[in-house]
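Each value in this text was obtained by applying a stated rule to the coordinates, not by laboratory testing. What you see is a predicted model; the values in this text were computed from it and never measured. Positions of Cβ are backbone-derived with ideal geometry, glycine not excepted, and every protein chain shown enters the neighbour counts.
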């Protein structure tokens, strides 16, 4: 079977590697350039800058804090300036007069030898010779290549004019011909189909697709295939997979207990954006600043979740300001890496050592992200911290639109009923009975009365005339009782009691959960102040008010809380002894229900805040008592008012009767009010069901941004305003906010964005970018292996010459790459190419490398027929070894059914306890932005592929497919299994090996049927009832081998 080319360094090829190093070939391959030929012009960016960057810039570069000797070599004027010592570092045209050459040529034992010997980075003779020739040729300087705007070069002419299929091939072939290479022939139809299908959808082709393409004779058959794949809904999934790494997408917060978050709606947006072929500039702008666009759509606001993927903490005791500094710094470094290919993290503490980015400029970029209304301590382990956006489904959206009509109509109906109240009240007063009905009383304990009053008015018939119940500070309280109609934030209600406190702190009553949510409500004494909590989840979704007055101990007080149903602090009133008191509202962010199954506790709050003292006449009302009626509970009752003649009533007493009639007797009014309350409650319940996603928003007044000296959030320096580094084009005139930054990044004037982006897609298809260091286009990164091709691709991306493509057209660029003759080459590796181009930097052959972790899983599930191809939705939890989550205070609840077989990109991504199969195959934890996944080869990977339940079950399902659909004879069944896995027909020798393996396995399981049953029991998918278990187990063994073939694991 075909063999994969070696990885760096080649396994078993250390001797070859050492030889290449000794010959100086490897150095040229790694840095993207070989030593210039004698007499040839020395190019500063290609030949000189890498030497200065590697050996000199750390002490004589951009970082002024670490700069030594009073001079720098990254700026031409400084390098040519005479020093205080009288020396000139570089004297153009005169190597002998250049201090730089003098010190690098000194013996390593000399004190002035450079670079310092202890650093172990002395220059080689060839590097010194390059510097000498450069100075002799005039020491021509050049701006760093990546910071120069790309210009579209003309594709070079080539000798083999028949080979190129598009502009890409001209650049590649010209380089090959210069090096004396010929490109590989085109890959066979089966290999090419599998390669491009995996590259563009992440899924393997079916047998039917392979045979259809193999039979195609039309000259444009391959191009039509590519167009079909680019139009597949799975194209968006394939493209999104890499973007999730870059955006550090995860389903958990990362820090501390690594609590859950819900961000799959943003992931769905990314998939849909790729499937819509959204122009990349708009794709960029919407993710960085979609909320700041004029009249942003729901989708554009969802897009801003890109920068809410940052890790957050809920750990108590941390300084929120410290973590706010972490969050904003992460957004700077991620933005710089993803779009600008720049490593900017070191500039948080000091000027960049190698690239012209200062600490001040780092914090100027940080200022763009410092206006998000978020908290350093997000306070949640199971919900999304604000700001969030509700995202309804189509059906939920229709229902919400219905409420937009029904609720205003109900409000108008209530207003009409309210206008008719005076006339109706006059009729009621005329027929008023001598005595109003008393409140319903329920004896709770001897001396303590719990009153539930929904229809009756508050009366003065209670008070403290009975025997009170004594509370002695028992954490369990005096009693726990159910409450039939507990208060809810969307309803009006009142509750209170007579209290005789002997201490300044304790709970009068509570119906509340424990940490971390504290969901529910209470009435609490805290250091003498009366506090009221209405909580969904404290503190981020909660209401808290606290009286400014304190309560005297050792005397009776009447406490009453009223709430008008708005869920706002302004709608809560606290009465002490009949008078409303001024309150503070430290928390006023309640937007979700407060209901809880916890019982009503009297005298405590679930094991805490035990009250010492007495309680009497505890009351609940399903309405907000007006001030006059609240006063009546402390003073005289409504019965006394009703007995007075109208001309003897005070204005407060008249108001008491009006409110009583309105809230208890006005049938039409009460019906309209209940209808409105019901609609609002239904809307609230619907909103509770609608998922939300974290988004970016902007504060009206952004936080001030200061330079943090050495990155220490406690050590603030100069205040800075938003801005961009001076080494790049300036921001256009106008407001400086995230939107202007996003437009600056996505501008055709930006020299980096297009280069960085097309280079990453090239790496996805070819295994390595034209710039191998995809995450670093700075002076420490590699030069492009084909610089003119990179610029040509960048220009074609921004302003395509193809009339069918639009600006920043993602599909156009990928189509261009995969339809090139360069991509379509066979991946076979002749010895000459192995020796002279071991890493395929010259593109002497087609790409071949191992699939990513998620695609390995997808491939196995797809060929076995188990794959659930639904697109989008919440993350799933497949099989995982037990105990992995224990250290993070969470229990792993495995998914079941179809969710077990979803694509790898939908697997729940827990940062602190990574899905072990993916971790084994080099998938990142996504704690930070990842642009390059390593590609390792370890024994553990083989063990995973052979023993992970996902792959064992997939092998069983593949075996069942072969037995059910592969015909009746063994060879046809083996061929079917082979072709489902690899697409191509097996060679005779391959089929013979598989047949021999099957017969050996069949014999083994016939002798040990229990082992067969144990193998077939792996996984939850049902096995075919008609299948012979021994035959199925034997074929499962064969299928397991097929899933582990090198050809299966690579593309």
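Centroid-to-centroid, using Cα positions, segment 161-232 and segment 484-498 are 70 Å apart. Measuring how big the chain is from its alpha-carbon positions, Rg and Dmax come out at 37.0, 119 Å.
Summarised in one figure, the compactness ratio Rg/Rh of segment 997-1051, Cα atoms and Kirkwood Rh, is 1.03.
From the Cα gyration tensor of segment 785-882, with a ≥ b ≥ c the square roots of its eigenvalues, which class applies: rounded if a/c is under 1.5, or else prolate if a/b is larger than b/c, or else oblate? Present the calculation step by step, with values, prior to reporting the outcome.
Numbers: a/c = 2.66, a/b = 1.33, b/c = 2.00.
Oblate shape, in that a/c is at least 1.5 and b/c is the bigger or equal ratio.
Quick check on segment 271-411: take the gyration tensor over C-alpha atoms, sort the square-rooted eigenvalues as a ≥ b ≥ c, and tell me if it's rounded (a/c under 1.5), prolate or oblate. Note, shape of segment 271-411 comes out oblate.
Put the Cα centre of segment 369-399 next to the Cα centre of segment 292-336 and the gap is 12 Å. Taking the Cα centre of each part, how many Å lie between segment 74-137 and segment 978-1046? Answer, in whole Å: 67.
Its relative contact order, with pairs defined as Cα atoms under 8 Å and 6+ residues apart, puts segment 66-208 at 12 percent.
Once you have a ≥ b ≥ c as the square roots of the Cα gyration tensor eigenvalues for segment 44-141, tell me rounded if a/c is under 1.5, and otherwise prolate or oblate according to whether a/b is larger than b/c. Show your work: numbers first, answer last.
Numbers: a/c = 1.23, a/b = 1.08, b/c = 1.14.
Because its axes are fairly even, with a/c under 1.5, segment 44-141 counts as rounded.
Our helix-only sum for the chain, with -39,500 (n - 2.57) per DSSP H run of n ≥ 4 divided by its residues, gives a mean residue ellipticity at 222 nm of -11500 deg cm²/dmol. Shape descriptor for segment 101-193: Rg over Rh equals 1.22 (Cα atoms; Rh from the Kirkwood inverse mean 1/r).
Between residue 65 and residue 137, the FRET efficiency estimated from the beta carbon spacing at R0 = 30 angstrom works out to 0.35.
What relative contact order, as a whole-number percentage, does the chain give when Cα pairs under 8 Å and 6 or more residues apart are counted?
On the way: 1936 pairs, mean separation 169.3, N = 1051.
Answer for the chain is 16 percent.
At full extension, residue 555 and residue 733 could sit 57.3 nm farther apart than now, given 0.36 nm per residue minus the alpha carbon distance. Per the Debye calculation on segment 369-419 with a single equal scatterer at every Cα and no solvent contribution, log₁₀ I(q)/I(0) for q = 0.16, 0.22, 0.25 Å⁻¹ amounts to -0.74, -0.84, -0.92.
Which order do peptides 920-931, 669-680, 354-365 fall in by mean Cβ count within 10 Å, highest first?
Details: 920-931: 19.8, 669-680: 17.2, 354-365: 22.9.
The densest-packed peptide leads the list: 354-365, 920-931, 669-680.
Taking the three principal axes of the alpha carbon atoms in segment 743-809, the coordinate ranges are 35, 27, 19 Å, sorted in descending order. The C-alpha atoms of the chain define a longest principal axis, and helix 787-798 lies at about 40 degrees to it. Against the chain, whose longest principal axis is taken from its Cα atoms, helix 421-430 shows a tilt of about 30°. If you wrap the tightest convex hull around every Cα atom of segment 862-908 and split its volume per residue, you get 85 Å³.
Relative to the longest principal axis of the Cα atoms of the chain, the long axis of helix 14-23 lies at roughly 70 degrees. Put simply, when 136-143, 900-907, 961-968 are sorted by average Cβ atoms within 10 angstrom per residue, most first, you get 900-907, 961-968, 136-143. When each of the peptides 565-571, 830-836 is scored by how many other beta carbons lie within 10 Å of its residues on average, the order from highest to lowest is 565-571, 830-836. A convex hull fitted around the alpha carbon atoms of segment 947-1049 yields 93 Å³ per residue.
Multiplying the residue separation of residue 503 and residue 404 by 0.36 nm and subtracting their alpha-carbon distance yields 30.7 nm.
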